[in-house]
Structures are given as structure tokens and as C-alpha cells.
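First comes the structure, then the notes that go with it.
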Amino acid sequence: MASKQALNILKLKKMKRKGEPIAMVTAYDYPSARLAEEAGVDMLLVGDSLGNVVLGYDSTIPVTLDDMVYHSRSVARGAEHTFIVADMPFMTYHGSLDETLRGVRRLMQEGHVHAVKMEGGAEIADTVAAVVRAGVPVLGHIGLTPQSVNQLGGYRIQGKDAKDARRLLEDAKALQEAGAFGVVLELVTEEVAAEITKLLEIPTIGIGAGRGCSGQVLVFHDLVKYTDNYREKRFVKTFADAGSLIKAGIEGYVKEVKGGLFPAEQHVFGAEEGVVGSLYGNKESKPEQEAVQQTDNEAERKVGAAR
Ligand code: KIV
């Protein structure tokens, strides 16, 4: 569980005031969280995008609260000093307030995150306000909201015309008014995102929302290209090609196993002389039980040292 986290919502607001860019990335498990923390991110998001990039679904809709809790917990173990936000998954904050707060409680108590994110604008402002009143920081999320992809008619750019721009601005203001500590702007035109950022006191975190936001968030698997069926997206820059590297490594392994090259001399453990003979009743070796026991102990020691 986080104890010495580097950031909190007050520091975030200060970063916005000072114009210091905020770097956020998603993480879904222990190793990705550790790598991101060591790389110096300001904030981690356990995004329900895990549905797409980790669980193999074609949207975020099937992701459950249990999935989010499970993944949040491993992220929290990997990034003990980083501020962690987790997504409230599809339809877990549109019923009763009791149900919403139960979900929030599970993410915080079982998932060990510091804040939650909810998709939606003015229509969820009362819910956001109630969660904030309960003492939990909330990150808003407007623009393209993947949980409503079927209603939005696909993954479309938001804020292209004046009516849409006004709606986005009103949503952002409603979230600020409700006490959200920041707002994610997803797939929003650059001009509109920059204007919203100017008009808000709280930071905006953009993904496909241009250069005028207070910070940026990218999906871990996009930024390091950690997949085989990678699809280019205009708003993503791939900073590393981990997918190709990992695949080449596994191909090398398969080739060496099939070619009898792995394991080699340096990867194996030897038994004491005579141990094999003792399996066939060779009296000159140590009493069977003792010899096998000693070999087991030695192997365990070597395996321990190798780890
Ligand atoms: O789930 C997610 O990864 C997100 C980001 C795209 C902001 O919500």
C-alpha cells in the first residue's frame, strides 16, 4: 500500500498553476507499475482500458469491479510511492449512491488506490460531489468516453463544432464545481481542450486532446507498443517497441529448445557423484535416503541463489 507517495491532489493543482506538465500513464499489473514509477511518472491510472489491452475484449464494457480491484492491487504493490487513480467500471456509478460508494470503497480498501475516475459530465456531477464529500478524490473524464461508445456512435473526435465545444466546457465546469481534482479530456480538438484548460482551475489531462492540456495520459501498451496486433493511432507516439523485442526473445527461446541448445551447461544443477548409481542399489554410495535428501537441499540452495 502507498505510504510515501510523491504526489497528491494539492500538488497537482499547484503543478497546473505553475504550468508544470503532468505525465500520467496507465498500468495494470506489478511490473508495469514498477517500470512506470521508476521511469518517473507523476500519476498512474489503472484504466478500464485493461479490457482492451490486457483481457482481450473489444471494449471496456465487459470490465468488472472485481477485475479493477484485482489489477489495482497489483499496481499498488508495484508503485508504492506513486499517486494511483482507478477507473470505476461500466455501470458501477449510475445506480444508487450506496452501490457507487461500495465500489469506491472496494477500489480504495482492497485495490489500495488513492482516487477514482468516472466518465461523464454534468449528468454525473451529483455522484461526483457525493464521492468527494465521502473524502475520495475524483478525476473526471469527458470527450470520448469509451464506456458510452455505443451511444456516441464510435470512437469519434469530440468538440469539432461550437455546440459540442460548449457542451464540453459546461461538463468540465460542472465536474470542477462538483469537486473533481482534475478532468481527463479524451479525443477532443486541440483548440477546445486548450480553452477548457484555460478556463478551469483544476488540471486537464489530455489523451488525443493536443498540446494545451495541463498534462498527458497514454495507455502503457500503446506507448511501448506492447502487442503484436498494434494499430497506429494519430494521437499516440510509440516511445519503444517492446512488443517486437519480447516476440524476438520468445522466438529465440523456442528455436533453442527445439534445437537442443537450451538449457546448456551453465543452466543445469549437478548431483553428487554416485547418486544415480544409488538409485539402482549401488552400496558404495551413501544410504539412499540421505543422498537424495542432501541433493535436494543443495538444489534448493542453488535455485534460491539463482533467483
Ligand atoms: O481506461 C483508460 O485507459 C482511460 C484513459 C484512456 C484515459 O480512461
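The values are calculated or read from the model by the stated rules, or taken from the named source; none is laboratory data. In this text, all values refer to a predicted model and were calculated from it rather than measured experimentally. Every residue, glycine among them, receives a Cβ derived from its backbone with ideal geometry; neighbour counts consider all protein chains shown. Surface accessibility is based on the protein's heavy atoms, side chains included, excluding ligands, DNA and RNA. Shrake-Rupley method; radii C 1.70, N 1.55, O 1.52, S 1.80 Å.
Tabulated data for the structure shown
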item	result
Within the range 179-217, tally of residues that are part of a helix (DSSP H, G or I) and crowded, with 21+ Cβ neighbours inside 10 Å	4
Given (1) farther than 25 Å from GLY19 by Cα; (2) more than 16 Å from the ligand (Cβ to nearest atom); (3) in contact with a helix residue (DSSP H, G or I) (Cβ under 7 Å, 6 or more places away or on another chain), index of the condition GLN151 fails	(3)
Pairs with Cβ under 8 Å, 6+ apart, first in the range 130-151 and touching a residue at least 40 places away in the same chain (Cβ under 8 Å) and of a type in the set (D, E, K, R), second more than 16 Å from the ligand (Cβ to nearest atom) and open to solvent by 10 Å² or more (accessible area, probe 1.4 Å)	ARG133/GLY179
Pair list, Cβ < 6 Å and 6+ apart or interchain, from the range 161-189 residues that are over 17 Å from VAL132 (Cα atoms) to residues that are open to solvent by 30 Å² or more (accessible area, probe 1.4 Å) and within 16 Å of the ligand (Cβ to nearest atom)	LEU187/ILE157
Wholly within the range 40-122, helices (runs of 4 or more DSSP H) carrying at least 1 residues that are away from the ligand (no atom under 15 Å from the Cβ)	65-78, 97-109
Looking only at the range 54-89, and only at residues there that are in contact (Cβ under 8 Å) with a residue 40 or more places away in the chain and among the acidic types (Asp, Glu), the one that is surrounded by the fewest Cβ atoms within 10 Å (Cβ to Cβ)	GLU80
Where a residue in the range 90-112 is farther than 14 Å from VAL131 by Cα and its partner, wherever it lies, is surrounded by fewer than 17 Cβ atoms within 10 Å (Cβ to Cβ), with Cβ under 6 Å and at least six apart	PHE90/ILE61; HIS112/MET1
Residues located in the range 3-38, provided they are open to solvent by less than 90 Å² (accessible area, probe 1.4 Å), outside any helix (DSSP H, G or I) and not polar (S, T, N, Q)	ALA6, LEU7, GLY19, GLU20, ILE22, ALA23, MET24, VAL25, ALA27, TYR28, ASP29
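One line per residue, one yes/no per condition, for (1) modelled with pLDDT under 95; (2) touching a helix residue (DSSP H, G or I) at 6+ places or on another chain (Cβ under 8 Å); (3) on the phi < 0 side of the Ramachandran plot; (4) away from the ligand (no atom under 11 Å from the Cβ):
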site	(1), (2), (3), (4)
ASP171	no, yes, yes, yes
LEU175	no, yes, yes, yes
ILE196	no, yes, yes, yes
PRO203	no, yes, yes, yes
GLY208	no, no, no, no
GLY212	no, yes, yes, yes
LEU218	no, no, yes, no
ARG231	yes, no, yes, yes
